[in-house]
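The values are calculated or read from the model by the stated rules, or taken from the named source; none is laboratory data. Please read all numbers here as calculations on a predicted model, not as lab measurements. Here Cβ is always computed from backbone atoms with ideal geometry, including for glycine, and neighbour counts include all displayed protein chains.
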Amino acid sequence: MKISKNGYIIGGVTLIILIVVGVLWLSPFSSKPLTEEELKSAALTKYPGEIIRTTKSENEYEIDMQMENGVYAISMDTNNGTILSLKQIATEEVPLAVETLTEAQIKKKIATQGEIQSVLFINEKNPYYEVVVHKENVEFNLKVDPYNGAIIDSSQAPVAPVSTENILITEKEALTIAADHLKGTADDEAELHQPTGQPPYYLVEVEIENGEEEDREAVVEVDAYTGKVKSVNWEN
């Protein structure tokens, strides 16, 4: 049987199509995506700099890189490392993220400075810790480096003595004062009153035994600051 020239041409074209389809179908299974280290190495080879951050999707690998004249976003093909795009995203240097010390770590760093009263993190452009320390009746205000715990600056002042004028006596003390004043027995509870513009005071009910006669009761007003009896109101 004699095969025509057209038959050879059709057969050849069909074979080529089958080969191309086979290659395209098998190629996803025959090649593995590059690793992150390989992609980083390829990017640094072409564009020397410092990698700030990376993100990876199915087919693309994104790298933000600090170069001499700014920060660039580099997009790469994960299969072969081909550079898909290069775009400048910042013209200034981006500082690398450095973790600050925790409050507990700062306390440990300055524990020898005295009795720590407070620790406050000041989050400004140049952050720092503000620490108040008491030592030998002196108050120290320390400015502490948040990254290494070093004392940047300090100031001091005498510790103000504690004023007793604004300290209230306890309810138990008020009950005892009222009972002793009338030589009687106070109730289990006292009422604390704090009127605006006036000193606070306790009202205490006291019962006085009166022998064979009926017992008497009185309400004693006790100054909540000084503990002095201000008045006694007898009940009928």
**Item:** Selection count, the range 201-216, where residues are on the phi < 0 side of the Ramachandran plot and modelled with pLDDT under 90
**Value:** 8
**Request:** Test Val119 against the criterion of being at negative phi, touching a Lys or Arg at 6+ places or on another chain (Cβ under 7 Å) and of a type in the set (A, V, I, L, M), and give yes or no.
**Result:** yes
**Request:** Kindly indicate the residue of the range 50-85 that is touching a Phe, Trp or Tyr at 6+ places or on another chain (Cβ under 6 Å) and either in a loop (DSSP other than H, G, I, E, B) or over 30 Å from Tyr147 (Cα atoms) (or both) and also modelled with the highest pLDDT among those meeting that condition.
**Result:** Met76
**Message:** Given the criterion more than 23 Å from the chain's Cα centre (by Cα) and over 19 Å from Asn233 (Cα atoms), identify the matching residue among His181, His134.
**Reply:** His134
**Asked** Does Glu205 satisfy the criteria of being outside any loop (DSSP other than H, G, I, E, B), over 55 Å from the mean Cα position of the chain (by Cα) and free of Cβ contacts under 8 Å to residues at least 40 places away in the same chain?
**Response** no
**Prompt:** Quick check: is even one residue across the range 142-150 surrounded by 15 or more Cβ atoms within 10 Å (Cβ to Cβ) and farther than 30 Å from Ile106 by Cα?
**Reply:** no
